[in-house]
Structure formats: C-alpha cells, structure tokens
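The structure under discussion appears below in the form of structure tokens.
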Amino acid sequence: MNCKEFRKYAGAFADGELEVAQNLEALEHLNMCPRCAERVTEITNLKTALKRTFDVGPAPHVLRDRVLAALDSPEKSTPQQPSNAARRRVAFFRWGTSLGLAAAITLAVYMAWFPQDVRLQPGILTVMANQPIHDVGAQHQACALLGAKHHNASLPRDLSEISRRLGEELHLAVLAPNLEAQGFDLLGADKCGIRGRPGAHLLYHSIATGELLSIFTVGRWEQLDAGLSMEQSVRLSEGEVLASSGDEFQVVAWHEDACTHALCGPFSRKRLVGLVTQMRITSAGPRPVPGLASPLLAHAP
Amino acid sequence: MSTTAGDNSAGSAKRARFEQHALPHLDIVYRMACTLTDDEVEAEDLSQETFTRAFNGFDRFELREYGARPWLLRILYNVFYSQRVRHRREPTLLDDVDFDHFADELDGGAWDTDTPNSINWDNVDEELKGAMANLQPAHRSVILLWSIEGLSYKEIAHVCDCAIGTVMSRLYRARQLLKRELLGYARDRRISTERFDR
C-alpha cells in the first residue's frame, strides 16, 4: 500500500472499518510512513474536537415525560407550537393571466397534498430535490467529462440535421437549438438520454467561459415534477444539483406534448430560464408560452 | 378474551417493546436534533415528533443487528428536512462517486497538500462551529453522525439512505472542507502550529 492508497483509506482505518487484510496492509504502511500516521492522528483529533464541541449532553427530563405522554395518544401528539417554518411554508405566486389564476387555484390545492415537495415562487414551479433532477445532473456531469468526445460520430454536425436524424431514430421532437446568439457553440450530440432513459443529449459550450450546457430530450417524464398534474402544456421544473467535485448545476426542465426537455449546467437559473424562453421563441416563431415568457422574466431573480 | 382486551394487550406489548428498543436512544436523538436545529426548544419538538412517528410506524420496524438507533435517526432527519424552511434551495448531492473512483481526485488536488496535524485542536471550538455551518447538509449530517454518535459506516448509510461508499466519500470530503476552513481561521488568528515552526 502506498501513500495515495492509504490516504483513501485513512478514515476507514481510523474508524476500524477496514477488512482484516486491508487493515494489515495499512498497519504495514504506517510503520514506514510517519506522515500517514499523522493523518490518522489528525482524523482522531478532529473526531474528538467535534464531539467536544457539539455534544450537548443528555436530553432534559421533561422531554422524556413529553415523549412518554405522547405515546399514550400518538395520533394527537404534535408539538403545541407550530414552527415558524410551517407557518412560512406556503407562498402565493401570481400569474398575470386568467390562466395563471386558474393555475394558482389548482396549484394551491396540490400544495395541500404535497407540502413537502413543492414550494412556489412567482411564475415558477419549484420542485425540491428529487431523483429525476439528480439524474439529469449526473448525466450532465458524466458527459461533460468527455467534452468533445461526447459527439456520436454517426451524427452530423449541422443542428437542423441533428434534430431531424435524432428525431427519426428516437421518435422524439428533439430540441437542437442554435445558441450562437446566446454565446454557445455545439460541442457534440449523442443518443445517451438521461441515466438509461432513451433520448437525445446535446452538449454546448460557452464561447466566453468554456462552461458546458446540456440540453436533453426524452419521452415525457412526469416524475420530473413530482407527478403533479395540471392542465397546461408546459410547466417548468427546476432544481439544483451539487456534484461531489463541489460544482453546482442548475436544472430547468419542462414538458412539451410527448417530450420532456431539460437544460443543465453551471449557470444561474435566470440564465437557463432566459435560454428556454429564447429557444421557444426563435425555434417556433413568436409563440409565447403560457406562463413562461414575460411573467417568468419579470419575476426571476 | 374480548377484542377490546386483546387490543389493549397488543397495545401494551407494543409500547413495552418500543420503550425497550427505542426510548433508550432519546439522548442520541435529542443531541442530533440540537445540532440540526441549533435551538433547544425546536430540538425538543423535533425529538418528540420523531418518537411519535417512530411509535406510529413501530409495527413495521425490523430489529437488525445495529438496533433502533439508525432507524430513529433516519426518522429524525426525514422529519427535520420535511419541516424545515429553506431560505435557499438545498442542492441535491450527486451520489455517483464510487468510493474507488474518488481517489482520482486526490492527485494534484488542493485537498491534501496541507501538512497533517497542523492545527491546534484544543482551541478551535468556535471556529469548528463556524466551519460546520458552512458545510452542505449532506456532509454535515455524516460528519455529525460519525463524530458525536460514533455510528458505523453501515449505520450512517442507513440513516442517510445512501451507499457505504457514499458515506466514505462524504466523510472524506467533509473532513477536508473542515480542515481547509480551520486552517484559514488559523492563518488569520495565528493558532496554527505551522506559524511557530520557523
């Protein structure tokens, strides 16, 4: 075992979590490497310091009495004072149109059913962290590592041709917008979809910063917005994804007829929403999306 | 035996089992509730709610080799994160990092270039609180479960509903982030032993 390998297992060694054989290898290495031995000491010292700092001691006696009393009538025993969090949970959002008002009423009803899953901000339906949002971020990160190698050699480079070819092969209305005016160049396209879900994936890169933007098209994916249903053809879902590298990605997704599209990249939500609006206006003529165009831009941070 | 008497008997048995297996962990649940809420009153409410839900779901609980502690803590975390108002949306952690792969990040990274044991651990309590507050919740959870309660990786994985490899990589990341913050404080306040090794 060398130092690099030991660094990987130092914590597990200090915690007694290694298998016997690995433990022996680690001990052999430590006998020869004082620096790695200090790493183990450091981990132990950190643990001690954390325990000293955050250990508040035993629960107060009154809490034990409260819990025991609650066991006698568990269905009724909720804390007497609702937390400030519960009181502030519901937020109203306003739409500028009558459609928006109907939507607000519908969404208010669904809020009662899914208070833990949805928080509303003006003009945008926000979905708290969920597995589909996570999957979009994971796929973006995995493909971003490939960079230009992400491009499937069998596909053309012309965006309209990509859209046509992928659309025919995948039976989807593949989104392949020209984002040159927004400062993005196509890096590559492939049929990888999202984490095993068939679909198209176009990878763009920012000409100014080199940051990568993913545009996915998959078959309609209701779970992306926690399964809430509304009588709208388009609704935005969004979330944030934090990669283990420390990178943060924003995800903005929407349904359109039989497809679901998702944008993902290390950009602000406002930027992604702006891109979505621009794409829909330029690709299909001046066709404002109900609740998507000006109300969003007016309210986006 | 009448139905009512039978129900009472079953209810008593359930309560007795719950008191035997779950109630001994009240201190642990309260301690973790305090670290999550940073407020004793909220922590008491959170703890009570945790045990209430645990009792309601106790019929479905299966006692495993590590007992009821991880199960209770998982309920605690679920209750906390479902009740909590987030002024800023919490991002999802990508849990894809296979423990075997995250070693690649060690090469050439800024994570591990500091000298080990360069912090004076006796005088960092306030700085540690500040550094912990800056951690992402997922990192903060694993580091607290690891340090305060001494849970095994398997138990932490059960509480956090993730793979053991994910626990290991999050622990590694959390420790490095804390160390980086503490070294920053130390450089500002000259409490690092490195400053005196000239």
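Bear in mind that the values in this text are calculations on the coordinates, not laboratory data. Every value quoted in this text rests on a predicted model; they were computed, and no experiment measured them. Backbone-built Cβ (ideal geometry, glycine too); neighbour counts: all protein chains shown.
Reducing the stretch B:124-174 and the stretch A:151-228 to their Cα centroids gives an inter-centroid distance of 37 Å. For the peptide B:45-55, the mean number of other protein chain Cβ atoms found within 10 angstrom of a residue's Cβ is 6. With neighbour counts taken as other beta-carbon atoms within 10 Å, the residues A:Ser163, B:Ser141 rank, fewest first, as A:Ser163, B:Ser141.
Here the stretch B:126-171 is treated with +1 on each Lys and Arg Cβ and -1 on each Asp and Glu Cβ, and its dipole about the Cα centre works out to around 100 debye.
Look at B:Asp122, B:Asp45 and count the other Cβ atoms within 10 Å of each Cβ; fewest to most, that gives B:Asp122, B:Asp45. Peptide packing for A:169-178, A:198-207 was compared via the average number of neighbouring C-beta atoms within 10 Å per residue; ordered from the highest value, the list is A:198-207, A:169-178. Ordered by the count of other Cβ atoms within 10 Å of each Cβ, fewest first, A:Met279, B:Met168 give A:Met279, B:Met168.
Remark: mean inter-chain Cβ contacts per residue of A:10-16 equal 4, using a 10 Å Cβ-Cβ cutoff to other protein chain atoms. In this rough spin-label picture, where each label sits 7 Å from Cα along the Cβ direction, the B:Ser12-A:Arg197 distance is 5.3 nm.
Pairs exceeding a 29 Å alpha-carbon distance, out of A:Lys149/B:Lys154; B:Lys129/B:Lys154; A:Lys47/A:Lys270; A:Lys51/B:Lys14: A:Lys149/B:Lys154; A:Lys47/A:Lys270; A:Lys51/B:Lys14.
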